[in-house]
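Peer 1: Structure in structure tokens, see below.
The values are calculated or read from the model by the stated rules, or taken from the named source; none is laboratory data. Values in this document were obtained by computation on a predicted structure and should not be read as measured data. In this analysis, Cβ positions are derived from the backbone assuming ideal geometry, glycine residues included, and neighbour counts consider all displayed protein chains. Side chains are part of the model used for accessible areas, which takes the heavy atoms of the whole protein and leaves out ligands, DNA and RNA. Shrake-Rupley method; radii C 1.70, N 1.55, O 1.52, S 1.80 Å.
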Amino acid sequence: MDLRHVICYLYEEEHLSERAIARQLGLSPSTIHYWIIRQGEKATTKSGRPRATDASTDQALYEASVKDPFLTAMDMLRNMNPSCSVHTIRNRLKEKGLKCRTPARKPFLTQYHRQGRYTFAQSHLYWSVEKWHRVIFSDEKIFRSSSRGALRVYRPVQGNNRYDDRYLVHSSNPCDTSVSRFTICVWLAFGNEGKIRDLHRIEQRTLNSQYYTTRILSSIETRVCEDEEDEVQNLVFMQDLSSIHTSHLSKRWLHEHNVPVMEDWPPKGPDMNPVENVWAELVRRIEIQRRHTGIENENQLWEDILQAFNELPNDYFENLINSMPNRVQTVAKKHGGWTKY
């Protein structure tokens, strides 16, 4: 039974309204009305050019793309020599549910990395959300004055308006030595049930263990020690496996100040660290600010970072930590593979 007959059956036998039929079949009400009005008429067969490919060719193209997702339509045309154009190949793949997209970029994971991530996920698989809220997550990031990548702009399809001022991005003159690029390094920590939310500008060019312990860790020590002794024992300080964090000086400082550390944090674990999501959001907000006002010096960049950070609501940080059970479950399910986070 073709679709026209289904529409007529639902209308005459089931006594459904046109809108009800449209919702049930996923069609527009105007389409349903058209075929009800035309019921009894013979369907007309539209003439047109026959398909350039048959079912077997379509399936071969699909299987080739599934086997190697990075195979381009032009590669298929050269290797398989189908009797069609590159545009037709793209259309056939799209009909099969395959659409060309930009691939996600993630660092390469060795078997050692995967095993470490999987082991960590398994050991924390049954941690409650409340327990994750007792963790203090931390990380560092370098912010740059230059743009993070190519911008995109919406402009009318018709007309020669590509070079209109409103659609242009004015780049700085590379010969102008007065406009230099600069960077600043920032450290961030949040957690302990919302009691800690620190953003620290690293004042020296190269971060080392001495600066890390005396200027950064010492800044959160007082607030950690303000909690009751039992509460402090339930806290866990998370840091990645940077050589600065794992140096003898840093380890000794954390031990002497009785700061419990998440010792089993895996290598290559940024998608399990919610601080990475904060970094991405800050970069996004700073990018918007950069388009309007630009950034002239390091101090302005730091002020923009600080302003964007202070504008983040409490719910944002809570939701990030609430996602931790899903993060570790996904890593365990993918046997240490990357997640969407």
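Peer 1: Residues that are of a type in the set (Asp, Glu): which helices (runs of 4 or more DSSP H) entirely in the range 1-116 hold 1 or more of them?
Peer 2: Those helices (runs of 4 or more DSSP H) span 3-12, 18-25, 55-67, 73-80, 86-95.
Peer 1: Every residue in the range 232-264 that is assigned to a loop (DSSP other than H, G, I, E, B), under 22 Å from ILE202 (Cα atoms) and in contact (Cβ under 8 Å) with a residue 60 or more places away in the chain, please.
Peer 2: Of everything in the range 232-264, those that are assigned to a loop (DSSP other than H, G, I, E, B), under 22 Å from ILE202 (Cα atoms) and in contact (Cβ under 8 Å) with a residue 60 or more places away in the chain turn out to be MET238, GLN239, ASP240, SER242.
Peer 1: When only residues in the range 313-341 that are part of a loop (DSSP other than H, G, I, E, B) and among the polar types (S, T, N, Q) count, which is nearest to the chain's Cα centre (by Cα)?
Peer 2: The extreme case among them is THR339.
Peer 1: Which residue is nearest to the chain's Cα centre (by Cα), if the candidates are limited to the range 283-302 and must be of a type in the set (S, T, N, Q) and either modelled with pLDDT of 95 or more or part of a helix (DSSP H, G or I) (or both)?
Peer 2: GLN289
Peer 1: Return a yes/no flag: does the range 65-85 have any residue that is among the β-branched types (Val, Ile, Thr), over 30 Å from TRP338 (Cα atoms) and open to solvent by less than 70 Å² (accessible area, probe 1.4 Å).
Peer 2: no
Peer 1: Follow-up. Could you tell me which residue of the range 250-273 is nearest to TRP127 (Cα to Cα), considering only residues that are among the charged types (D, E, K, R) and surrounded by 13 or more Cβ atoms within 10 Å (Cβ to Cβ)?
Peer 2: Result: ASP271.
Peer 1: Follow-up. Could you please let me know if THR206 is at pLDDT 75 or above, within 19 Å of GLU296 (Cβ to Cβ) and assigned by the TED database to the domain that holds VAL135?
Peer 2: no
Peer 1: Next question. Which residues, counting only those in the range 288-329, are without any contact (Cβ under 8 Å) to a residue 12 or more places away in the chain and hydroxyl-bearing (Ser, Thr, Tyr)?
Peer 2: Within the range 288-329, THR293 is the sole residue that qualifies.
Peer 1: Out of LEU199, LEU125, LEU188, LEU217, I need the residue that is open to solvent by less than 70 Å² (accessible area, probe 1.4 Å), modelled with pLDDT of 75 or more and in a helix (DSSP H, G or I). Which one?
Peer 2: Result: LEU217 is the single residue among LEU199, LEU125, LEU188, LEU217 that is open to solvent by less than 70 Å² (accessible area, probe 1.4 Å), modelled with pLDDT of 75 or more and in a helix (DSSP H, G or I).
Peer 1: How many residues, within the range 313-341, are more than 18 Å from VAL278 (Cα to Cα), in contact with a helix residue (DSSP H, G or I) (Cβ under 6 Å, 6 or more places away or on another chain) and surrounded by fewer than 17 Cβ atoms within 10 Å (Cβ to Cβ)?
Peer 2: Residues that pass the stated criteria total 1.
Peer 1: Could you tell me which residue of the range 303-312 is surrounded by the most Cβ atoms within 10 Å (Cβ to Cβ), considering only residues that are assigned to a helix (DSSP H, G or I) and within 24 Å of the chain's Cα centre (by Cα)?
Peer 2: Among those that are assigned to a helix (DSSP H, G or I) and within 24 Å of the chain's Cα centre (by Cα), it is ILE305.
Peer 1: List the number of the failed condition for ARG155; all other conditions in (1) in a helix (DSSP H, G or I); (2) open to solvent by 70 Å² or more (accessible area, probe 1.4 Å) hold.
Peer 2: (1)
Peer 1: Still on this structure, I have one more. Hey, does the range 298-317 have a residue that's touching a Ser or Thr at 6+ places or on another chain (Cβ under 7 Å) and of a type outside the set (Gly, Ala, Ser)?
Peer 2: yes
Peer 1: Is it the case that some residue within the range 111-119 is of a type in the set (Gly, Ala, Ser) and either closer than 29 Å to ASN322 by Cα or open to solvent by 100 Å² or more (accessible area, probe 1.4 Å) (or both)?
Peer 2: yes
Peer 1: State yes or no: is LEU98 touching a residue at least 12 places away in the same chain (Cβ under 8 Å) and open to solvent by less than 40 Å² (accessible area, probe 1.4 Å)?
Peer 2: In short, no.
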